[in-house]
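Here's the structure we're looking at; comments come further down.
The values are calculated or read from the model by the stated rules, or taken from the named source; none is laboratory data. Quantities reported herein were computed from a predicted structural model and do not represent experimental measurements. Cβ coordinates were reconstructed from backbone atoms using ideal geometry, including for glycine residues, and neighbour counts include every protein chain displayed. Heads up: the accessible areas ignore ligands, DNA and RNA and are worked out on the full protein's heavy atoms, side chains in. Shrake-Rupley method; radii C 1.70, N 1.55, O 1.52, S 1.80 Å.
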Amino acid sequence: MTDFLRRASLFCAIALTIALLVASVTPSAGQVFGGDLHRRAHLVSFAVLALAWRCGLPRVPVSMVALGVIGFAFLHETIEIFGHNHPYEMEDVAIDASGAVIGLILAQVAKKIASIK
């Protein structure tokens, strides 16, 4: 991976982390997507978050990136208790964690493909 791509990934990871923190304290953010779209938004956002962190920090073990992103999922939902004024949603944490695992798998596959070339 080029240094530019690594830096761009790190920038995106930080920006998405900040955006998710802002969304967790913004009451209307919880109502942007309803029903199944709400679940998909959680899954995709945490998959992209994990992918970006993994590509941005290639020397950090994948297990540590997983712990960081999944830990952030728990924090995100805790903040939503106050920001969205609703009870803790363990289902959202599970979806976020699943998204993180998907993102990390995609990062590993991309890394493997890049090393073949």
Quiz item: Do you know which residues across the stretch 55-83 are β-branched (Val, Ile, Thr), in a helix (DSSP H, G or I) and either touching an Asp or Glu at 6+ places or on another chain (Cβ under 7 Å) or loosely packed, with under 14 Cβ neighbours inside 10 Å (or both)?
Solution: Thr78, Ile81
Self-check item: the stretch 84-117, subset in contact with a helix residue (DSSP H, G or I) (Cβ under 6 Å, 6 or more places away or on another chain) and hydrophobic (A, V, I, L, M, F, W, C), residue surrounded by the most Cβ atoms within 10 Å (Cβ to Cβ)
Solution: Ala100
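Which members of the stretch 85-107 meet the condition of being over 12 Å from Ala66 (Cα atoms) and polar (S, T, N, Q)?
Restricting attention to the stretch 85-107, the residues satisfying the condition of being over 12 Å from Ala66 (Cα atoms) are 85-95, 106.
Asn85 - this is the single residue of the stretch 85-107 that is over 12 Å from Ala66 (Cα atoms) and polar (S, T, N, Q).
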Practice problem: All but one of (1) free of Cβ contacts under 8 Å to residues at least 12 places away in the same chain; (2) part of a helix (DSSP H, G or I); (3) over 16 Å from the mean Cα position of the chain (by Cα) hold for Ala94, so report the exception by its number. | Solution: (3)
Exercise. Run Ala52 past the list (1) surrounded by fewer than 19 Cβ atoms within 10 Å (Cβ to Cβ); (2) under 12 Å from the mean Cα position of the chain (by Cα) and report the number of the one that doesn't hold.
Key: (1)
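Can we say Ser45 is open to solvent by less than 40 Å² (accessible area, probe 1.4 Å), assigned to a helix (DSSP H, G or I), in contact (Cβ under 8 Å) with a residue 12 or more places away in the chain and under 26 Å from Ile116 (Cβ atoms)?
Numbers: open to solvent by less than 40 Å² (accessible area, probe 1.4 Å): yes; assigned to a helix (DSSP H, G or I): yes; in contact (Cβ under 8 Å) with a residue 12 or more places away in the chain: yes; under 26 Å from Ile116 (Cβ atoms): no.
In short, no.
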